[in-house]
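The values are calculated or read from the model by the stated rules, or taken from the named source; none is laboratory data. All values derive from a computational prediction rather than experimental measurement. We place every Cβ from the backbone using ideal geometry, glycine too, and count neighbours over all the protein chains shown.
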2 protein chains.
Amino acid sequence: MMSFTSPLAVGVLGRGVVDPSLPIIHADDAGLLRGLAAFETLRVYAGRPFAMAEHLQRLCHSAERMRLPAPDPAALEDLAEETLAAADVADCSLRFTVTGGRPSSDPVAFVVVMPLPPELEAIRARGVRAVSLQLGTDPRLRLDAPWLLDGVKSTSYAVNMAAFDEARRRGAEDAVFIAAEGSVLEGPVTNVWWRRAGMLYTPSLDLGILAGVTRAHVLRLADEAGYRVAEGWFPLAELAAADEAFSSSSVRELMPIVALDDAALGNGRPGEAALGLQAALRRAVAA
Amino acid sequence: MMSFTSPLAVGVLGRGVVDPSLPIIHADDAGLLRGLAAFETLRVYAGRPFAMAEHLQRLCHSAERMRLPAPDPAALEDLAEETLAAADVADCSLRFTVTGGRPSSDPVAFVVVMPLPPELEAIRARGVRAVSLQLGTDPRLRLDAPWLLDGVKSTSYAVNMAAFDEARRRGAEDAVFIAAEGSVLEGPVTNVWWRRAGMLYTPSLDLGILAGVTRAHVLRLADEAGYRVAEGWFPLAELAAADEAFSSSSVRELMPIVALDDAALGNGRPGEAALGLQAALRRAVAA
């Protein structure tokens, strides 16, 4: 599911659209050498980036937390529009990256337009298998430790990628991280949700998880659809015993989770909340 | 102390020495986008890289743990020699980086030759102030979790860099990470040591810390110098109450720690073990 393909177009702040076959980053770039870069990924529907302002706001927050100079959201929006026009595709994803740049130079900001994974809707129709992976962290100790960069979307993502490797090794496609004391946290690139009867559950942000842009939209859509939602610290057993579960992310949207650690989750098929809220998200996007 | 300067020379595997003012990495490189890159930094004394074989062995191990194709150590050694010759400096540092590369292409390996921080010996003569920073991790849970990449030197280093930011904010120059249950772990880019009478202490590798190449050399040099060494899980209070403390790393070598969390460590001056073992390291390097 995490298959990576070549970009449809690349734009660099201050330079505009560039040839994707040419390198853009120097050997001494702080993002390249030390993972000091902020990023955002979002989806483009019929040529229109969805929730771009919210993503750019979080990008600025992430950059600030890593002491990178704040990028100019308006300039990034213009660059995105220009790069999207060059890609000339209606439905795709956009990725913004702001790296620390070279010593004594400005940060480098660039946008890549990526195709959507072609198999995404087929996977949604059947749902994904997930494994739970211990993250070995104590959320209570992390609350007062801003240097741990909880809630910051940085390119220091090796552990997230290794979690996908481990999921694949176990015959699954996604992972759910668990804190040391047992609370469900998030997926490597998603937020996690589950339903029991008319109640939805999702880990709360004070666990140090990422405040997903799509998570915020799902909170609103769930309320409109008549679900009650509990945000909190929940043990893995509650997720395992749910009637259904799903993840949320900007590119994958709402993705049913139909198995957890080799056992069926709910009835082992995509559930009504996942499919209903996915349909509601698509209506919101088109509005 | 973590001041970053421009490289003296850059070499890319398969291309040889390149112009450092030109970019070498593409917008869709996995190391750039997701911190999926292994690296090693080592020191060059009088034109000779020290312990290069050990560093390249660890580089291959790190790459393997991240499922990157293993680089060829012999080819990297040749590239390093060629790039060092282009830099034409006797004393400097070398940094190897192996990134995941672009989709459906080979990984990218490159070497940068960096000048040594000019102030390094002045800092060694006075020692550094350090702060202890909670890492919020439970080492017991991490032992069986290879996806957490403990012991892997990846470029996903944003938290390490944020720790330096926090140290600076508190008027210090270095940090010592502490596990959730209170054990001393390591510095953001160093291993940590302290002495009480004739006994040296350093955190053991089963805490999930990096197996420093210089750490291994110091273990041997300490034995030769008549110190007994205890590797283990030690609370911060033992470091704070030590007669002296120091860090070890390939570029900084042995660096005295003279203050911890705003209190003097030992007599507040560089200690006999730090200075004696630093001298022994220099003799070993010259041998």
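Here are some notes:
- Taking (1) in the same structural domain as B:S21 (by TED's automatic domain parsing); (2) without any contact (Cβ under 8 Å) to a residue 60 or more places away in the chain; (3) in contact with a strand residue (DSSP E or B) (Cβ under 7 Å, 6 or more places away or on another chain) in turn, B:A87 satisfies each apart from (2).
- Comparison of A:A284, A:A216, A:A273, A:A222 shows that the only residue that is in a helix (DSSP H, G or I) and buried (at least 22 other Cβ atoms within 10 Å of the Cβ) is A:A273.
- Single condition B:H55 does not satisfy, out of (1) touching a Phe, Trp or Tyr at 6+ places or on another chain (Cβ under 6 Å); (2) of a type outside the set (S, T, N, Q); (3) under 23 Å from B:T214 (Cα atoms): (1)
- Close Cβ contacts (under 9 Å, 6 or more residues apart or on different chains) running from residues in region A:139-159 that are outside the structural domain of A:L210 (by TED's automatic domain parsing) to residues that are crowded, with 21+ Cβ neighbours inside 10 Å and of a type in the set (A, V, I, L, M, F, W, C) are absent.
- Test for A:A158: is it buried (at least 23 other Cβ atoms within 10 Å of the Cβ) and over 26 Å from A:A230 (Cα atoms): yes
- Test: residue in region B:196-209 that is more than 14 Å from every other protein chain (Cβ to nearest Cβ) and at positive phi: yes
- Residues that are under 13 Å from the mean Cα position of the chain (by Cα) and either of a type in the set (S, T, N, Q) or at positive phi (or both), drawn from region B:152-185: B:S154, B:T155, B:N160
- Note on region B:100-139: residues that are surrounded by 21 or more Cβ atoms within 10 Å (Cβ to Cβ) and of a type in the set (S, T, N, Q) amount to 1.
- Filtering region A:243-259 to residues that are small (G, A, S) and part of a strand (DSSP E or B) leaves A:A245, A:S247, A:S248, A:S249, A:A259.
- Across region B:116-142, the number of residues qualifying as away from every other protein chain (no Cβ under 11 Å) and either touching a Leu at 6+ places or on another chain (Cβ under 9 Å) or hydroxyl-bearing (S, T, Y) (or both) comes to 5.
- Residues in region B:77-134 that are part of a strand (DSSP E or B), touching a Ser or Thr at 6+ places or on another chain (Cβ under 9 Å) and either under 17 Å from B:E40 (Cβ atoms) or modelled with pLDDT under 95 (or both): 14 in all.
- Condition check for A:L33 on (1) among the hydrophobic types (A, V, I, L, M, F, W, C); (2) in the same structural domain as A:L94 (by TED's automatic domain parsing); (3) within 23 Å of B:L36 (Cβ to Cβ); (4) within 21 Å of the chain's Cα centre (by Cα): one failure, at (4).
- For A:R67, the criteria (1) in contact (Cβ under 8 Å) with a residue 12 or more places away in the chain; (2) in contact with an Asp or Glu (Cβ under 7 Å, 6 or more places away or on another chain) hold in every case but one, which is (1).
- Some residue of region A:31-50 being basic (K, R), within 21 Å of A:G100 (Cβ to Cβ) and touching a helix residue (DSSP H, G or I) at 6+ places or on another chain (Cβ under 6 Å): yes
- Region A:254-268 residues that are under 8 Å from A:A130 (Cα atoms), paired with ones that are loosely packed, with under 15 Cβ neighbours inside 10 Å and modelled with pLDDT under 95 (beta carbon under 9 Å, 6 or more apart): none
- Single match in B:V159, B:V192 (criterion: aliphatic (A, V, I, L, M) and assigned to a strand (DSSP E or B)): B:V192
- Filter pass, A:E238 being surrounded by fewer than 16 Cβ atoms within 10 Å (Cβ to Cβ) and touching a residue at least 40 places away in the same chain (Cβ under 8 Å): yes
- A:A230 surrounded by fewer than 20 Cβ atoms within 10 Å (Cβ to Cβ) and either in contact with a strand residue (DSSP E or B) (Cβ under 8 Å, 6 or more places away or on another chain) or not in a loop (DSSP other than H, G, I, E, B) (or both): yes
- Number of residues in region A:137-167 that are small (G, A, S), modelled with pLDDT of 95 or more and either out of contact with any Phe, Trp or Tyr (no Cβ under 8 Å at 6 or more places or on another chain) or more than 24 Å from B:L33 (Cα to Cα) (or both) equals 3.
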